[in-house]
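Here's the structure, in structure tokens; my notes come after.
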Amino acid sequence: AQSVTQLGSHVSVSEGALVLLRCNYSSSVPPYLFWYVQYPNQGLQLLLKYTSAATLVKGINGFEAEFKKSETSFHLTKPSAHMSDAAEYFCAVRRNSGGGADGLTFGKGTHLIIQP
Amino acid sequence: EPEVTQTPSHQVTQMGQEVILRCVPISNHLYFYWYRQILGQKVEFLVSFYNNEISEKSEIFDDQFSVERPDGSNFTLKIRSTKLEDSAMYFCASSDWGAVNTEAFFGQGTRLTVV
């Protein structure tokens, strides 16, 4: 089964600085990878997804992620942090081969803190 | 925009009681899921459901749990005899993975508190 590992349970950046949230995956087949954001007391919102069409994926709110097979990574970046980006971020991978009713396996999450 | 709807948003129950969490998935989706998030922890897969049967379940989804699609719109998660450790946020999701370029849509969650 596929899995993801998020490095850093908390990341703190200054407003306007680069945001980098790390995610590494383990998969025996080409993975489908996702980043979700969770604001306090809210559900999960998709930021972006990788489905093998392009290695650099652009998402909502200025976020993007690059799939690097050689590094088994799918790190999330944003050039300039905004106070509204403060939230919990989850990397996720489809659990199996991608067929049928395939659920997601989530990483432990990274809490992004934005310093004014 | 279509969305997954969950009710109630918050439920408090006594230990040992049965609870049913309800979800209305996106209407043209075929695959349905439940996930759990214990406070401060990661989101954990519980079960996937397709064509009126369970497709996959995790080790968390033991005999105390069951899922059902009682009609054409609702998807429910039942916990027969709740334990304190069942306190968590429960998320329902739906998808149409038949198309490669798609995603799972999540509801806002039901916060279950077992006392």
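The values are calculated or read from the model by the stated rules, or taken from the named source; none is laboratory data. What you see is a predicted model, and the numbers here were worked out from it, not measured in a lab. Cβ sites come from the backbone with ideal geometry, for glycine too, and all protein chains shown count toward neighbours.
Observations on the model:
- Residue in the stretch B:14-24 that is nearest to the chain's Cα centre (by Cα), counting only those that are surrounded by 16 or more Cβ atoms within 10 Å (Cβ to Cβ) and farther than 13 Å from B:Glu68 by Cβ: B:Val24
- Wholly enclosed strands (runs of 3 or more DSSP E) of the stretch B:28-115 bearing at least 1 residues within 11 Å of chain A (Cβ to nearest Cβ) and either modelled with pLDDT of 95 or more or more than 12 Å from the chain's Cα centre (by Cα) (or both): B:31-37, B:43-50, B:53-57, B:88-95, B:110-114
- Some residue of the stretch A:66-82 being more than 28 Å from B:Lys57 (Cα to Cα), within 14 Å of chain B (Cβ to nearest Cβ) and surrounded by fewer than 18 Cβ atoms within 10 Å (Cβ to Cβ): no
- Test for A:Ser28: is it among the polar types (S, T, N, Q), free of Cβ contacts under 8 Å to residues at least 24 places away in the same chain, out of contact with any Leu (no Cβ under 9 Å at 6 or more places or on another chain) and not in a strand (DSSP E or B): no
- The lone criterion from (1) at pLDDT 95 or above; (2) in a loop (DSSP other than H, G, I, E, B) left unmet by A:Ala65 is number (2).
- Residue satisfying condition, being touching a residue at least 12 places away in the same chain (Cβ under 8 Å), hydrophobic (A, V, I, L, M, F, W, C) and in contact with a helix residue (DSSP H, G or I) (Cβ under 6 Å, 6 or more places away or on another chain), within set B:Val24, B:Val19, B:Val114, B:Val67: B:Val114
- Among the residues of the stretch A:83-116, those identified as more than 7 Å from chain B (Cβ to nearest Cβ), assigned to a strand (DSSP E or B), under 30 Å from A:Ala1 (Cβ atoms) and out of contact with any Gly (no Cβ under 8 Å at 6 or more places or on another chain) are A:Ala87, A:Val93, A:His111, A:Leu112.
- Among the residues of the stretch B:27-61, the one identified as out of contact with any strand residue (DSSP E or B) (no Cβ under 8 Å at 6 or more places or on another chain) and either of a type in the set (Phe, Trp, Tyr) or touching a residue at least 60 places away in the same chain (Cβ under 8 Å) (or both) is B:Asn28.
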